[in-house]
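See below for the structure under consideration.
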Amino acid sequence: MKEIGLVVLLLLLPILFFLSSRARAGKAGRLRSLPALEKLPGLVGRSAETGQPLHLSVGVGGLGGATTAETWAGLTLLGQLADEAAACDTPLIVTVADATVLPVAQDIVRRAYLRHGNPDGYESTQVRLIAPDPVAYAAGVMGLLERQPFTASVMVGSFGDEYLLMGETGARRGVRQVVGATDPRTLPLVYASADETLIGEEIFAGGAYTRKLPIQIGSLLTEDWARWVVIAAILVVAVFKILL
Amino acid sequence: MTVLRRTLPAALAIATSLFVLAALFITNPLLDAIGTYFIDTAVIIAAFALFLGLFNVLRVHARKIRERQPGSLYSFVLIGAMLVVLVIGLPPIAGKPSGPSHPLIQWIFHNIQAPIQAALSALIVFFVITAACRLLRVRNAESALMLIVALLVLAGQVTIGLVPVLPAIREWILDVPAMAGVRGILLGVALGILLTSIRLVLGTERPYSD
Amino acid sequence: MIYCPKCGTANRDGSKFCNECGESFGSQTRIKCPNCDTWNPVQNVFCSACGHRIVSLPPKPGVEAPPAIKGLSLPVKPGIGTEEDRSAATPGGEEDIPAWLRELEASLSAEGAAGKAALTEPAEVPDWLRDLRDSLVGEPPEVAEEGLPDRLAALRPTAPPAQPAAPPPAAEEEELPDWLAALRPTAPPAPPAAPPPAAEEEELPDWLVPSEEGLAEGETLVRAEIPDWLLTLKPRELRKEEEVEAPTPAKEAVVEETGLLAGLQDILPVEIIIAQPRLAKAGEEIAPVIETPQARLFAQIVARPPTVASKVMPRPQAGLLALLPRWILSIALIAALTLPLLLDRPLLARTIEPAPTVSSLYETISRLGSGARVLVAFDYDPTTSSEMDVVAQTLIGHLMDRQARIVAVSLLPAGPASAASLLADQAAAHPGYEEGYGRLYVNMGYLPGQVAAVRLLGESLEMALPCDFYGTSRADLELMGQVKELQDFDLILELTAGQDSLRWWIEQVGTPYGLPLAAGVSALVEPFARAYYQTGSQQLKGVVAGVPDALTYSALRSGGEGLTGIPAARLDSQLAGHLLFIVAILVSNVAYLVQRSRRES
């Protein structure tokens, strides 16, 4: 099993580099439209005008475990939104559920304000650890959404059933919600309560759509190629089994 | 100095990732030892991060209390409960149980934490029913199909045998189309996780430096 | 008002973003990179993300500058900013004058005659203007049928010269000083398309012909006379005696005494009243002069009351009627779920066919011999304990019925506490187990590291489990002395409400070491768990999913009789909940369809 993993890794690396170089040369082609990501700058602008803060959650997962990639996807979007919020002087409140994510999120937001020449605009309490337990975290976010008016709530990361507590509260309060999750148990709940959704691997596309770095676009294209290979393999095996 | 500050964290992160990855794929005692050491270090760092989280929680809620913001009473309760549990759970006396196995901590867990968490979890039922009523409406053909499938699965879970074929239909729906969709999503997510992890290992995603 | 270019919404002046769609109206603090769309601080010349140049280079001379970006901030008349309007703006003939200016002139011309009459009073017109006007008025226009006079005809450019005027003919070369001749262009110039006709000197009027009077030796230009009006502006200190004195003003004009303007007359006096702040008198109104359409429009805009966009998002006002369905639904749900439990007896008699997964697990545990060693992972937290405790109790109970030796671990921090109470409860109900901690069952506590911890269990049990939940060393636990490695266990039972931990146990321990693995899961995880049961190698020997399966398993343990008592009441409660769900969804659909048909009709 390990050998198969190594082979897959070694096959993907050159494809990744090749497609990244194509993206750098501008030959990557167009990425399909993801309305959830296209609406994000508008949310920051709206928040800037109304003066109400923007809420961002990177999920209940942490860094270093099985949920690292989903949490990372949320942090990538946090980087983009923090940049825009710092440029527009928009109030931003980030809630995290895992202590390993807290210093990373604080650093991302702080650097964004520094980059835009507004170091005093950053407060360490903008990024808050609510609770390590997922349900307790959801309860804390519920309370936050109930007590304070928010322009929008962007929640991208690893979520479980407890998402519905936050999602329904936001929906009842009329907060615009952009939510991305990977757990198939959570996706129906996301679809029921969010205005815009990122389903499954779409949450990993945030960097490519917002920052448009060649390595991220190349990574998306590599995923597509790998997906086609998996589809072909499934079909071949299915046909093989039927014939035999 | 600036160059060192920018490249050293990246070099450290890439080297650590490659060591742990190599330890996973290559069977070598030295690599295993290094990989295990890094994983243990990560666990220790994660535990230390809990302290940072603790200070953050204290700072946020102390500020709420100081500024008398809405909900500051709950902040007061939170800080008070945190301090009580911390004090009780500290292991000052040798030979006595401490931490989670302390009888008082056990009492708090069974009589306060567990019921509150169970109650919060039970709230999900009420939210699910309102969300389901909002989502499962006949707006177009796709939503009508979704409604029919949802009703069939719910009816198939009813544990009285009014309509014998319903449980079989439910089984088929869960085993075939639902499972197919779930597996498709999971495959895509796995690929996304794989590529994201590769980008992290290669150091192309670097939030720790500009 | 600023109109959003994207959605057309009117926003307050000074808005940076649209209140409706959030479109940016142009930031004063940042610039967007045209290459990667990254926002950069306004002082950046190059993009901080991709390095692309943000601030474009100035256009090279001779290259036409790109058209200016149409401003977004002002409601403009149609046509302004387009090509035709830009060309119309270039100086030219009568058609280039904007309409509003033409109208203004037309309105002024009506009073122009009266104004002119007032202006011609000698007392008010300065001497220099009077002289100029006399000289112009005195010359009759000689247009008529004879056409323009020669002097003017000579001046009229018959065709635009492609090149600058040709250098003076060679015959005049000896008259020019050397320094001037050296400045002449050496390259033969292209002949002009239509050189102006050589003006014959005898035809030119006197004022055009340079006079040689007053020319000193070697001079070519006559020193100009400074007109009187210009002399009056000269500071007194610098005037010479022979210079013309300032004419005596007809009126007693104020002559400035101090400062830089000392000695000058006709200086506007300081309006003392300007220096003093004054309050507008109540009721004092200055009637606006509304003569032009622009002035009228301005007056309308000023008179309009300010409309400030609301900064506070309107909270959805849920009236009582809107909240009523939610309240009714909640009360009905509570009633449906709790009433059957309060009755304490089943409403319906039922016999349940156990699912194959349940039967399989029952058979697996039943085949365990007395003293079999079972590793039980309590991977659920209090959030799901209400469901998972039912599953765990029946499975642990069956294991204790079979006299199995139980080693409990947990991958969650809160797991060991749940395990401790559940094991204690079941031990109390099984003779021998109550005093059998350490010998018959142990709680080895929390295993940090998630998937890494599971892998470590497979590699080294001793390293993974050094002490139990209460801090007792493994060496002091008799049961742990019997298990040196993971392969010493006869069964691994995973109790979890999450698919991840189930996957970890199967991938890291079950499949690699070929150990028999079974699972007790929540209803949500059932589809995932079932998939592992259905594999050819049967990676899971059996699955008990949720309360219904757990109650079925209990029925199997009690001999396969029908469900009675509290377990049956629980199933009634679940049945009522399901039925309420179905009814609520159907009713909401009916209400929605009725509402939609009313709206459409």
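Any idea how many residues of the stretch C:370-401 are touching a residue at least 60 places away in the same chain (Cβ under 8 Å) and over 29 Å from B:ALA122 (Cα atoms)?
Total meeting the criteria: 6.
Taking the condition of being surrounded by 13 or more Cβ atoms within 10 Å (Cβ to Cβ) and under 29 Å from A:THR125 (Cα atoms), how many residues in the stretch B:1-44 meet it?
Residues meeting the conditions: 6.
Exactly one of (1) part of a helix (DSSP H, G or I); (2) within 7 Å of another protein chain (Cβ to nearest Cβ) is unmet by A:ALA99. Its number?
Tallying (1) part of a helix (DSSP H, G or I); (2) within 7 Å of another protein chain (Cβ to nearest Cβ), A:ALA99 fails exactly one: (1).
Considering the stretch C:313-354 alone, what residues qualify as being modelled with pLDDT of 85 or more and within 19 Å of C:ALA569 (Cβ to Cβ)?
C:ALA332, C:LEU333, C:ILE334, C:ALA335, C:ALA336, C:LEU337, C:THR338, C:LEU339
In the stretch C:369-404, which residue that is assigned to a loop (DSSP other than H, G, I, E, B) and open to solvent by 20 Å² or more (accessible area, probe 1.4 Å) is nearest to the other protein chains (Cβ to nearest Cβ)?
The qualifying residue nearest to the other protein chains (Cβ to nearest Cβ) is C:ASP381.
State the number of residues belonging to the stretch C:226-273 that are outside any helix (DSSP H, G or I) and either surrounded by fewer than 10 Cβ atoms within 10 Å (Cβ to Cβ) or modelled with pLDDT under 75 (or both).
Residues meeting the conditions: 24.
Residue by residue, here is whether (1) on the phi < 0 side of the Ramachandran plot; (2) more than 9 Å from every other protein chain (Cβ to nearest Cβ); (3) part of a helix (DSSP H, G or I); (4) in contact with a strand residue (DSSP E or B) (Cβ under 6 Å, 6 or more places away or on another chain) holds:
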position	(1), (2), (3), (4)
A:GLY45	yes, no, yes, yes
A:GLU49	yes, no, yes, yes
A:HIS55	yes, yes, no, yes
A:GLY61	yes, yes, no, yes
A:ALA66	yes, no, no, no
A:ALA69	yes, no, yes, no
A:TRP72	yes, no, yes, no
A:GLY79	yes, no, yes, no
A:ALA85	yes, yes, yes, yes
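In the stretch A:188-210, which residues are under 23 Å from A:PHE150 (Cα atoms) and either more than 9 Å from the chain's Cα centre (by Cα) or surrounded by fewer than 23 Cβ atoms within 10 Å (Cβ to Cβ) (or both)?
Across the stretch A:188-210, the qualifying residues are A:LEU189, A:VAL190, A:TYR191, A:ALA192, A:SER193, A:ALA194, A:ASP195, A:GLU196, A:THR197, A:THR210.
Check whether at least one residue in the stretch B:127-134 is of a type in the set (A, V, I, L, M), more than 7 Å from every other protein chain (Cβ to nearest Cβ), in a helix (DSSP H, G or I) and surrounded by fewer than 20 Cβ atoms within 10 Å (Cβ to Cβ), and report yes or no.
no
Kindly evaluate B:ILE112 against the criterion of being exposed (fewer than 15 other Cβ atoms within 10 Å of the Cβ), more than 11 Å from chain A (Cβ to nearest Cβ) and farther than 26 Å from A:PRO103 by Cα.
So B:ILE112 passes the test.
With the checklist (1) touching a residue at least 12 places away in the same chain (Cβ under 8 Å); (2) over 27 Å from C:ARG326 (Cβ atoms); (3) open to solvent by 10 Å² or more (accessible area, probe 1.4 Å); (4) in contact with an Asp or Glu (Cβ under 8 Å, 6 or more places away or on another chain) in hand, flag the one item A:ARG176 doesn't pass.
(2)
Kindly indicate whether any position in the stretch B:174-188 is surrounded by 18 or more Cβ atoms within 10 Å (Cβ to Cβ) and closer than 24 Å to A:ARG211 by Cβ.
Yes, there is a match, as at least one residue in the stretch B:174-188 is surrounded by 18 or more Cβ atoms within 10 Å (Cβ to Cβ) and closer than 24 Å to A:ARG211 by Cβ.
Only one of these conditions is not met by A:ASP89: (1) surrounded by fewer than 23 Cβ atoms within 10 Å (Cβ to Cβ); (2) at pLDDT 85 or above; (3) over 15 Å from the mean Cα position of the chain (by Cα). Which number is it?
Condition not satisfied by A:ASP89: (2).
For the stretch C:547-566: of the residues being open to solvent by less than 40 Å² (accessible area, probe 1.4 Å) and hydrophobic (A, V, I, L, M, F, W, C), which is modelled with the lowest pLDDT?
Step by step, filter the stretch C:547-566, then rank; the result is C:LEU563.
When C:GLY449 is evaluated against the numbered criteria (1) over 16 Å from C:ASP379 (Cβ atoms); (2) outside any helix (DSSP H, G or I), which criterion, by number, is the only one it fails?
(1)
Of the residues that sit in the stretch A:1-43 and are more than 22 Å from A:GLU202 (Cβ to Cβ), in a helix (DSSP H, G or I) and within 12 Å of chain C (Cβ to nearest Cβ), which one is nearest to the chain's Cα centre (by Cα)?
A:ARG24
Give the residues of the stretch C:437-470 that are touching a strand residue (DSSP E or B) at 6+ places or on another chain (Cβ under 9 Å) and free of Cβ contacts under 8 Å to residues at least 12 places away in the same chain, sorted by residue number.
C:TYR437, C:PRO466
The rows are residues; the columns are (1) out of contact with any Gly (no Cβ under 8 Å at 6 or more places or on another chain); (2) more than 30 Å from A:PRO132 (Cα to Cα).
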position: A:LEU9; (1), (2): yes, yes
position: A:LEU13; (1), (2): yes, yes
position: A:SER21; (1), (2): no, yes
position: A:LEU34; (1), (2): yes, yes
position: A:VAL44; (1), (2): no, no
position: A:GLN52; (1), (2): yes, no
position: A:VAL58; (1), (2): no, no
position: A:GLY61; (1), (2): no, no
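Which condition number does C:ILE31 fail, the rest of (1) within 27 Å of A:LEU213 (Cβ to Cβ); (2) at pLDDT 70 or above; (3) part of a loop (DSSP other than H, G, I, E, B); (4) open to solvent by 40 Å² or more (accessible area, probe 1.4 Å) being met?
Unmet for C:ILE31, out of (1) within 27 Å of A:LEU213 (Cβ to Cβ); (2) at pLDDT 70 or above; (3) part of a loop (DSSP other than H, G, I, E, B); (4) open to solvent by 40 Å² or more (accessible area, probe 1.4 Å): (3).
Looking only at the stretch C:500-525, which residues are within 17 Å of C:TYR380 (Cα to Cα) and open to solvent by 30 Å² or more (accessible area, probe 1.4 Å)?
C:ASP500, C:ARG503, C:ALA523, C:LEU524
Is it true that C:LEU347 is away from every other protein chain (no Cβ under 13 Å) and open to solvent by 50 Å² or more (accessible area, probe 1.4 Å)?
It is false that C:LEU347 is away from every other protein chain (no Cβ under 13 Å) and open to solvent by 50 Å² or more (accessible area, probe 1.4 Å).
Looking at the stretch A:102-129, which of its residues are more than 7 Å from every other protein chain (Cβ to nearest Cβ), open to solvent by 40 Å² or more (accessible area, probe 1.4 Å) and over 21 Å from C:ASN40 (Cα atoms)?
The answer is A:GLU123, and nothing else.
Against the condition of a type in the set (Lys, Arg), under 30 Å from C:GLU526 (Cβ atoms) and open to solvent by 30 Å² or more (accessible area, probe 1.4 Å), how does A:LYS241 come out, does it pass?
Answer is yes for this residue.
The values are calculated or read from the model by the stated rules, or taken from the named source; none is laboratory data. Since this is a predicted model, take the numbers as computed values, not measurements. Here Cβ is always computed from backbone atoms with ideal geometry, including for glycine, and neighbour counts include all displayed protein chains. Accessible surface is based on the protein model in full, side chains and every heavy atom, while ligands, DNA and RNA are left aside. Shrake-Rupley method; radii C 1.70, N 1.55, O 1.52, S 1.80 Å.
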